[in-house]
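Working notes for the structure below.
What follows is calculated from the coordinates using simple rules that are stated; it is not laboratory data. The structure presented is a predicted model; accordingly, all values stated were derived computationally and were not measured. Cβ placement follows ideal geometry from the backbone for every residue including glycine, while neighbour counts extend to all protein chains displayed.
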């Protein structure tokens, strides 16, 4: 096991499988783990606001019998007073047994781990690290197919600006024979720096058209096309519509293909899709709790 | 029992009495309930800020042995990213066992209950639903008089814009022979839509003058006249003073009349009233904890 | 013991030593206290944002087995609706068993204690009260030297605007033969009202130069020189540099001198100092948890 989770790149395939399989054990019998970290305190230090990641980690810690303190909003805390990340983290380490941090700066997770006397987990750091999102996504896929190897994954939407897609690509690159189909507007394509990092480990294809290739996918992973990424409202509106999933979009999909989304969505998957057997995004959110229980418990046990 | 609490209109008299009487049992022996919901998680999802309602629910859940996660401020969460209520609620339901939601939109409580896989409680939704405030108010009255039937209640202040007054009126309409006296500035009168809904079930009178009729009241329920409801500062100042309760105001009141207020107050009850035997507003706040313990426990037990 | 902690001035030497010595007992065997206040709820009511003080108190309450509710940001709560402190505190007292309040108004802690039915602790009130910071500072010194009496303490930086320095001066004045050296920019000198209050009880000297006198100090207590205290950026930049501690600054210090800082720092202690044997500021942060556990536990036990 490792001592901190700051980048999916640090975590080898065996450790990933270990985390996933432990999440499955926890999901099967959560009551067994309900007092596992009794008396332990998680601090959630969010320099950028977040709902899902924060609540999901808090729920995970509470479901292990632990407790939570934290900063949900940097604007209402002394974080804005200009303190360094290393000082903030040492403060949090003085008050708690494990830290989840979100920060906008590249490398901030690494700095935090360096200075902390307790385990640090990235809850999204810099522009490409969101390791626990990748792990819960892998858990969702693993639950469905019993493997990550030999799957064909479509990634659709904004592949450039979110932290989720790079983390996922680095994660898939650790497995064997994963094929990636990339669907995105021109200006939201995956970064070449990321693709060149993974191109020796997985096969990827930039595709123009979901309709023609959806029948080859095991997983369709949809992401939000964020308005704030476009120079103006018009540019956003022009592109938005081309990446919306409807029941009709899925008509040629494999029977056991699943649709995933890190949420929140703002229209890119129509509500009619929610009731289709392919929809997995709400289970995926729930899987976040099991995966984060697995991560927190493993890191805390390692430290003992 | 019911599965969600989104409107006082949904709750029949028997269920109201059931909740009230259970609150009384809890208040009598809180230690019996101190571990009742151990391991269960409440999420408080507030699209509008609130202090009292949120803290009171959190205290209630903790006093049942449960735990709490939540969003206190929509501005610092992904709620602002444009996600639908139904998606937010399904997220919260993935992370917790019961949800308290406050939202400014009419019907939002109903939507939340529709989509949630766990019980949903309105912590104030739309312009007229605040069912748990009504329930704690009824509990306060019931503790005092042993009944809700056959009482005369004065409602004073802003009867138009708060959620409390309509919820209370719908609640009183479920009981027998409740008489309502309405005291308010012209522009803050109770909405006709609400009054016409309840006029078959209770007797109400719009009164100009508290002094002349206070001797007939069992309860004087005072509400805050909010500055933001008036077109300008002057209009507010002109009216404000006419609805202030002083010890002198109460000199003709019945000996066992009680003064209630949902709080916060900003001057509409003078501090000198606090020490009079009629003052019940701080006990009323405390009653909120017992009533919400009753509600949370009943909904969680129902779900088992 | 006392019922509330609103000012260091209220607390006599015996009580201070009692709190400090109990903190030491807790630090030595924290597991003994892990369920001590089970079922008890702390409410943290912060009219001014704070990170350290709030998280440190929350951690302390959780490490006693208690629970926490609170308001981290007045802007997102009904505190802004114009409610009086006494009403807010009575509300919090209805929901919880002990209250920590931060408020910008002079005397606010006293008002809170007056109206509360549960113990109130100042988490920083007015311009000179931060009693728990003073207590944790004393605990840090006591751990190091086994006494507070007969020590020479240098206070450096902004001695005028923070709450920490006056609280510390009033605290030291309760002990015997404490010598204080004051180092600050002209416009950030300690207030004469404070100095005249303590001048009979301790010896103080306003010093121009740390270098010449550092060899006489047992403790060098550094505080942040806040940009917002200066009329303009230039005035700040002119002064900032003169009060920065580097390893070189410490070369003439006594071998067992310690460097303290209430944190956060923004450059006034260089990072190279962190690894020197004199650095105590991160332990000081940790000591805050033990000291606050001692305070919370004592006040709650007193109330039983």
Under the convention of a label 7 Å out along Cα→Cβ, give the distances in nm from residue C:197 to the same position in every other copy, shortest first. 5.5, 5.5
Which whole-number value in Å³ per residue fits the convex hull of the alpha carbons of chain B? 131
Can you tell me how the stretch B:132-284 classifies by the Cα gyration tensor, rounded, prolate or oblate, using a/c under 1.5 as the rounded cut? oblate
Could you tell me the relative contact order of chain B? Use alpha-carbon pairs under 8 Å, at least six residues apart, and round to a whole percent. 21
Let me check the size of the stretch A:128-177 from its C-alpha atoms; what are the radius of gyration and Dmax in Å? 10.6, 30
Could you work out the per residue convex hull volume over the alpha carbons of the stretch A:173-213, in cubic angstrom? 65
Apply the a/c threshold of 1.5 to the C-alpha gyration tensor of the protein assembly as shown and tell me whether it is rounded, prolate or oblate. oblate
Using only C-alpha atoms and all pairs of different ones, pull out the Kirkwood radius for the stretch C:39-173 in Å with one decimal. 15.8
One would report the antiparallel percent of DSSP beta bridges in chain C, rounded to the nearest 5, as 5
Classify the stretch A:212-260 as rounded, prolate or oblate, taking a ≥ b ≥ c as the square roots of the eigenvalues of its Cα gyration tensor: rounded when a/c is under 1.5, otherwise prolate if a/b is larger than b/c and oblate if not. prolate
Taking only Cα atoms and a 10 Å spring cutoff, compute GNM fluctuations for chain C and point out the largest among C:113, C:94, C:253. C:94
Ascending list, in nanometres, of distances separating the residue C:117 label from those of the other copies (7 Å, Cα toward Cβ): 4.1, 4.1
Calculated [θ] (222 nm, deg cm²/dmol) that DSSP helices of n ≥ 4 give over chain C, each run adding -39,500 (n - 2.57): -11500 deg cm²/dmol
proj_area_mean for the stretch A:21-100 (convex hull on C-alpha atoms), units nm², value 5.7
Highest mean packing first, using Cβ neighbours within 10 angstrom, the peptides A:264-270, B:29-35, C:137-143 sort as C:137-143, A:264-270, B:29-35
One decimal, nm, nearest first: from residue C:215 to the same residue in each other copy, label points 7 Å out along Cα→Cβ, the values are 9.0, 9.0
Determine the percent antiparallel among the DSSP beta bridges restricted to the protein assembly as shown, to the nearest 5. 5
So, by mean Cβ neighbours within 10 angstrom, what's the order for C:117-130, C:52-65 with the highest one leading? C:52-65, C:117-130
What fraction of the Cα pairs in the stretch A:95-138, stated in percent, has a spacing above 12 angstrom? 57
Using Cα atoms only, what is the angle between the long axis of helix C:13-28 and the major principal axis of chain C, expressed in degrees (0 to 90) to the nearest 10? 80
In whole angstrom, how long is each semi-axis of the equivalent ellipsoid of the stretch B:1-41, when you take the square root of 5 times every eigenvalue of its Cα gyration tensor and sort them from largest down? 23, 15, 6
Which residue fluctuates most in the GNM of chain C (Cα springs below 10 Å): C:88, C:223, C:291? C:88
